[in-house]
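Written below as structure tokens is the structure these notes are about.
The values are calculated or read from the model by the stated rules, or taken from the named source; none is laboratory data. Since this is a predicted model, take the numbers as computed values, not measurements. Here Cβ is always computed from backbone atoms with ideal geometry, including for glycine, and neighbour counts include all displayed protein chains.
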Amino acid sequence: MQNKMSGNSLGVYLHIPFCIKKCNYCDFCSLANSGTELMREYSRELARRIREFSAVYGKQAVDTVYFGGGTPTLLPYSCFEEIFFALKDSFFIADDSEITVEGNPASIDAKGLAELRSLGANRLSIGLQSANDNELDMLGRVHSFYDFCSTYEDARRVGFDNISVDLMYGLPSQTKDKLEYSLEKLIELSPEHVSVYGLKIEEGTHFYRERDFLDLPDDDTCAEFYELCCERLFGSGYRRYEISNFSLEGRESRHNLKYWRLDDYIGFGVAAYSCFQGERFGNSRNIKGFLEGRDICEYRQKISDNDRVSEYVMLGLRLEKGIALEDYYRISGQDFFEAYPAVKDFISKGFMTFEEGRVAFSTKGFLVSNIILSEILFFED
Ligand code: SF4
């Protein structure tokens, strides 16, 4: 890859909307069992749109690439090859870029993983969700814990030394023991990065239709589960750098940090979002329109100075380090405590901290961060 870097390199997101089957809780944009021909067509169009972008905006410097989905690891090698060629032709991709591919166990073998490495992928994000096979079944996942371990070991064997694993808590009928077991099994494998998400029942999913029959843990139990995850991960050397994301030293997701730090990124494909040159824009889920080469952008919005300041507060507070009041003043020209008077109250009640010029959530505050954020913004002058 070419080595031309600037301090403001772009992140590139590519949405790959294909899965083996739809999980019971999933409302992401993905098609189940759609066949290889559609994947080829989609990848061709993705490559064309990447080249079209660089024809309009010039060859930009990039330092993170993220294949998300869906299940990107379902794509055949030739599709990845086509997309990687388009990326390398269209962007200056730094030698030390973070190139992540999301994937699921049972969707790729050792040969496929080795091929991905040879194309330049250097980070793998694998959906585990639970180490209990009965929970995986209930979630509608297509793999067992054994399948996960095989994929994980294959990935290590072919040279992936940066692996992220997703885990879910707050599952129907989940007990503390079951979650402890999943955490123990995950920690034994020592992935560099762990994302921990609470189950949300989203409209349009199988779980949504069945919601009256699901034995879901209440909010207090979910809070205890989150605290258990934090406790076990902290005790094993992981640092929480964002509300749902934990990593070993220096292994934070550089791509995701761009979202939280309001850096520029450009998304290609259906349901992909961008923040680029002072605008936010997002694509619809219209796969047919995408394949026909139509403009599928469904919203486009200039980011006003006020939006930028509120987003800085909302996204910055998701990070463990929170926000530096000095930076806030530089961006907004205002004193933070004057703009958000409710924060002092949350600090005195232990939901937030103020140390070394930074305001951040405490663990107790992270558990109710959405409520606190809406109160803070409500009190904004
Ligand atoms: S594998 Fe991921 S994207 Fe696909 S259906 Fe399951 S949760 Fe959704």
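Between residues in the range 21-35 that are closer than 20 Å to Lys288 by Cα and residues that are more than 9 Å from the ligand (Cβ to nearest atom) and of a type in the set (Gly, Ala, Ser), which pairs lie under 7 Å by C-beta distance while being six or more apart or on different chains?
Cβ pairs passing all conditions: Asp27/Gly204; Cys29/Ala271.
Applying the selection to the range 109-142, what residues are in contact (Cβ under 8 Å) with a residue 12 or more places away in the chain, more than 25 Å from Cys230 (Cβ to Cβ) and surrounded by fewer than 21 Cβ atoms within 10 Å (Cβ to Cβ)?
Looking only at the range 109-142, we keep the residues that are in contact (Cβ under 8 Å) with a residue 12 or more places away in the chain, and these are 109-110, 112-117, 119-133, 135, 138-142.
Narrowing further to those that are more than 25 Å from Cys230 (Cβ to Cβ): 109-110, 112-117, 119-122, 133, 140, 142.
Answer for the range 109-142, where residues must be in contact (Cβ under 8 Å) with a residue 12 or more places away in the chain, more than 25 Å from Cys230 (Cβ to Cβ) and surrounded by fewer than 21 Cβ atoms within 10 Å (Cβ to Cβ): Asp109, Ala110, Gly112, Ala114, Glu115, Arg117, Leu119, Gly120, Asn122, Asp133, Gly140, Val142.
Based on what the data block shows, is Glu252 of a type outside the set (Phe, Trp, Tyr), assigned by TED's automatic domain parsing to the domain that holds Val62, at pLDDT 95 or above and closer than 30 Å to Asp96 by Cβ? Even if it seems obvious, please write down each step before you answer.
Values: of a type outside the set (Phe, Trp, Tyr): yes; assigned by TED's automatic domain parsing to the domain that holds Val62: yes; at pLDDT 95 or above: yes; closer than 30 Å to Asp96 by Cβ: yes.
Answer is yes for this residue.
Go through (1) touching a Gly at 6+ places or on another chain (Cβ under 9 Å); (2) not in a strand (DSSP E or B) and name the single condition Glu338 misses.
Single failed check for Glu338: (1).
How about the range 235-328: which strands (runs of 3 or more DSSP E) wholly inside it have at least 2 residues that are in contact (Cβ under 8 Å) with a residue 24 or more places away in the chain and within 30 Å of Leu38 (Cβ to Cβ)?
Values: elements: 239-242, 245-247, 265-268, 273-276, 279-283, 297-302.
The qualifying strands (runs of 3 or more DSSP E) are 265-268, 273-276.
Hey, does the range 235-247 have a residue that's under 24 Å from Ile50 (Cβ atoms), in contact with a Lys or Arg (Cβ under 9 Å, 6 or more places away or on another chain), surrounded by 20 or more Cβ atoms within 10 Å (Cβ to Cβ) and not β-branched (Val, Ile, Thr)?
Of the residues in the range 235-247, the ones under 24 Å from Ile50 (Cβ atoms) are none.
Scanning the range 235-247, I find no residue that is under 24 Å from Ile50 (Cβ atoms), in contact with a Lys or Arg (Cβ under 9 Å, 6 or more places away or on another chain), surrounded by 20 or more Cβ atoms within 10 Å (Cβ to Cβ) and not β-branched (Val, Ile, Thr), so the answer is no.
For the range 137-153, name all the residues that are within 27 Å of Arg240 (Cα to Cα) and in contact with a helix residue (DSSP H, G or I) (Cβ under 7 Å, 6 or more places away or on another chain).
Within the range 137-153, Phe145, Tyr152 meet the criteria.
Every residue, every condition in (1) under 25 Å from the mean Cα position of the chain (by Cα); (2) surrounded by 15 or more Cβ atoms within 10 Å (Cβ to Cβ), yes or no:
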{"position": "Asp335", "(1), (2)": "no, no"}
{"position": "Ala339", "(1), (2)": "no, yes"}
{"position": "Phe346", "(1), (2)": "no, yes"}
{"position": "Met352", "(1), (2)": "yes, yes"}
{"position": "Ser374", "(1), (2)": "yes, no"}
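Please find, within the range 108-124, the residue that is nearest to the ligand (Cβ to nearest atom) out of those that are over 22 Å from Asn245 (Cβ atoms) and outside any helix (DSSP H, G or I).
Per the stated criteria, the residue is Ile108.
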